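**Student:** Got a structure for you, questions after.
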Amino acid sequence: MSAQIPPAWVLRHPHRPFVALHVPLAAQVPVYIGMGMEGPPGDPVLAGLGVLVALALQLRHSLAASRGVRPAGWPWTLAALLLLANLPLWWLATQWEGVTVFALASIVMLLRGPVRAVAAVAQVLHPAALEVAQMLHDGDTVPHALLLAVYPVLGVAVFGGALVAGARLVLLLEELEATRAELAAAAVGEERVRVSRDLHDLLGQSLSAISLKGDLALRLLVKDAGAARAEIESLTGVARDALRDVRAITRDELAVSLRTEIDGAAALLGAAGIGTRLDVAALPPLSGPAHDALAWAIREGATNLLRHSEATTCTITVARGNGRVRLEIVNDGVRGVGGPGSGLAGVTERARAASGSSSTAVHDGRFRLSVEVPEEGP
């Protein structure tokens, strides 16, 4: 049998059914007294007023417990409820036991430590003890009286436990709703970070390519109009591709190819007059996160090189060994490593997501970006 999901209004307003749980316990008392369930009928109006006071005190305790707190002045309201629940038992007997359920629930909700256990046991046994005493006074046998006393003991304990459990359930639902809201906010934040990172990495290279091709077209315009036209057409193609990729990013549908990024980076660096050597003859098959981490690292490495260096040569190497794949991009144009906005932080994040790592180093005027990921996904 499949589990039943509570209605949405219950999840949004868990206090409403919890409050409604108290009503039948309170309503039965004046009805029993008015009908004379034990002895002659009593005054249901007077009984109803007393029950309303008890119900108000209990709701104050229950609603505070459902928030995980104790209400101000609770020792006084608890004492009032205990008196109101136990004194009328001496002349109303079992007709008043519904109010003792409130007393037991409040004891468990408000008291702490051994005092709570002792007070709860005393409250459960008090109505039963009075009932046994009355039966023995009427000539009943001890075994029979004790057997009949089991019902009030279980009744008070079960219904009192239901109120306590209801308060804790409401508290858990409130915490669950708060956690759900926090997770939703965190998911929104993560999505914003993802879109921001992907847009940075995507547009960084696209805008660098557009700027580079635009400058090249301007230089060729007076020398070779045909070549300039070709560069402008290529520039337009880059802009269209960037627009398509931006739309894909917003839908989290952007797919990158390691081979395509390597070829694109080599072409872009070559157009910028940077001699590029590739050592990527045997690209291994990679899992999704590892493949994407290396592809984005190629894109960001090429963009970083164009924007933050004066390189004349660049080497891109992809090697495998011991179940891991290592990418290195080395250039000779160190002009200072880019800051947090350079996108290298995004390379690190993607490498970590693929159970890999990334690092940068500067040595002898050369800048090295290294990314290492496992061949198999995490």
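The values are calculated or read from the model by the stated rules, or taken from the named source; none is laboratory data. Just so you know, these numbers come straight off a predicted model, no measurement behind them. Cβ: placed from backbone, ideal geometry, glycine included. Neighbour counts: every protein chain shown. For the accessible areas, the whole protein counts, side chains as well, though only heavy atoms, and no ligand, DNA or RNA atoms are used. Shrake-Rupley method; radii C 1.70, N 1.55, O 1.52, S 1.80 Å.
**Student:** In what sequence, largest accessible area first, do Met35, Met109 appear using a 1.4 Å probe? Don't jump to the answer; show the numbers that get you there.
**Tutor:** Details: Met35 125, Met109 20 Å².
Order by accessible area, largest first: Met35, Met109.
**Student:** Below 8 Å between Cα atoms, with a sequence gap of 6+, how large is the relative contact order for segment 49-180 in percent?
**Tutor:** Relative contact order, segment 49-180: 30 percent.
**Student:** For segment 146-193, what does the accessible surface come to per residue with a 1.4 Å probe? Please give it in Å².
**Tutor:** Using a 1.4 Å probe on heavy atoms only, each residue of segment 146-193 averages 67 Å².
**Student:** Send over a whole-number figure in Å² for the accessible area per residue of segment 267-309, probe 1.4 Å. Don't skip to the end; give the middle numbers.
**Tutor:** Values: 1610 Å² over 43 residues.
I get 37 Å² per residue for this part.
**Student:** Rank-order 225-231, 294-300, 182-188 by packing density, defined as the average count of other C-beta atoms within 10 Å over each peptide's residues, highest first.
**Tutor:** 294-300, 225-231, 182-188
**Student:** When N counts the residues of segment 52-198, how does its alpha-carbon radius of gyration compare numerically with 2.2 N^0.38 Å, as a ratio?
**Tutor:** Compactness ratio reported: 1.50.
**Student:** At 37 °C and a viscosity of 0.692 mPa s, what translational diffusion coefficient does Stokes-Einstein give for segment 271-317, taking Rh as the Kirkwood radius over Cα pairs? Give it in µm²/s as a whole number.
**Tutor:** Reported coefficient: 274 µm²/s.
**Student:** Residue separation times 0.36 nm, minus the C-alpha to C-alpha distance between Ala122 and Ala319: what's the value?
**Tutor:** 63.2 nm
**Student:** Could you look at segment 46-160 and say what percent of its accessible area is carbon and sulfur, using a 1.4 Å probe and all protein chains?
**Tutor:** Here it works out to 78 percent.
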